Amino acid sequence: MENKQSGLANPWIQLALSVAFVTAYEVLLKFGAIETANIANSGWSWTGLSGLASLYVWFAIPLVVLSLITWLHVLRHIALSIAFPISQVVHAFVPLASWIILGESINRLRGCGIALVLLGLAVVAKPVARLEERL
Amino acid sequence: MTPISFVIVLIALATVVAGQLVLKKAMDIFNTVGHRHFDFLRPFALGIFLMTVQFFLNLGLLQRYDLSFIYPFQGLSVIMIAIAAAVVLREKLTMQLTIGSALISIGIVLVSMS
């Protein structure tokens, strides 16, 4: 694992940015999907291409590209089996953002699920954090 | 959830796993030979293609279901990618990493069930 870069070049900073971009574009995509749900009844609707009729989707696309660029930087320096589970903090952030911004509900089961995701992240990230402290 | 949407979810899941593995491979090649060699371009292009397919399938699913319901299905990819990275890329899979990945996957399944 090679991650001695400082500032924005640090792969852990890039990982955090990637998570922020993913959370933001998922919420924007949902706004776009809501807006275009009424035109999504054609035979090719499962491809999601009708979503391109929404401006929200076009706002989301640059964030998708940015998340990919930051993620590629992460992949250059951190093992996939470590980086990918940590990046899954979006599974806690996206439902929380959906609750705050879109008004979607979080019941007890969903809350437990989010808590387990965060616990799993802590288990994965702890040895990595220890390693970072030693370096 | 209808059978067709379940199949679409599975295809989206497979493209995420394959896409991440191929992109990681491309970046490993990039680290080894540098950007002046084009050896990394083929897996890189394939990875981008797979991620694009996944993007549009996900958008199609979002048009029908709540974001907080659909998105967590992709979470199953956590344990799948951890195992695939160990098998295909020969990354070290520790017990702690396995337990952590499994907890994340279970948590995501719970979120999906709610």
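Quick rundown of the values:
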{"read-out": "Scope region A:43-87; condition open to solvent by 70 Å² or more (accessible area, probe 1.4 Å) and modelled with pLDDT under 90; matching residues", "value": "A:G43, A:W44, A:L49, A:A53"}
{"read-out": "Selection count where residues are within 9 Å of chain A (Cβ to nearest Cβ) and not in a loop (DSSP other than H, G, I, E, B), scope region B:54-66", "value": "8"}
{"read-out": "Those residues of region A:89-102 which are without any contact (Cβ under 8 Å) to a residue 40 or more places away in the chain and open to solvent by less than 10 Å² (accessible area, probe 1.4 Å), in sequence order", "value": "A:H91, A:A92, A:P95"}
{"read-out": "Near pairs, Cβ below 6 angstrom, 6+ apart or cross-chain, from region B:91-114 (at the interface with chain A (Cβ under 7 Å from one of its Cβ atoms)) to any residue that is surrounded by fewer than 23 Cβ atoms within 10 Å (Cβ to Cβ) and outside any helix (DSSP H, G or I)", "value": "B:E91/A:A79; B:S114/A:N107"}
{"read-out": "Options B:F49, B:F38: the member that is closer than 21 Å to A:F84 by Cβ and without any contact (Cβ under 8 Å) to a residue 40 or more places away in the chain", "value": "B:F49"}
{"read-out": "Looking only at region A:104-132, and only at residues there that are farther than 21 Å from B:M95 by Cβ and open to solvent by 60 Å² or more (accessible area, probe 1.4 Å), the one that is modelled with the highest pLDDT", "value": "A:C112"}
{"read-out": "Any hit, region B:16-38, residues being more than 9 Å from every other protein chain (Cβ to nearest Cβ), under 22 Å from A:T23 (Cα atoms), open to solvent by 60 Å² or more (accessible area, probe 1.4 Å) and part of a helix (DSSP H, G or I)", "value": "no"}
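The values are calculated or read from the model by the stated rules, or taken from the named source; none is laboratory data. Bear in mind the structure is a predicted one, so any value in this text is a computation, not a measurement. Don't worry about glycine lacking a Cβ; one is built from the backbone with ideal geometry, like all the others, and counts go over all protein chains shown. When the accessible area is computed, the model is the full protein with side chains, heavy atoms only, and any ligands, DNA or RNA have been set aside. Shrake-Rupley method; radii C 1.70, N 1.55, O 1.52, S 1.80 Å.
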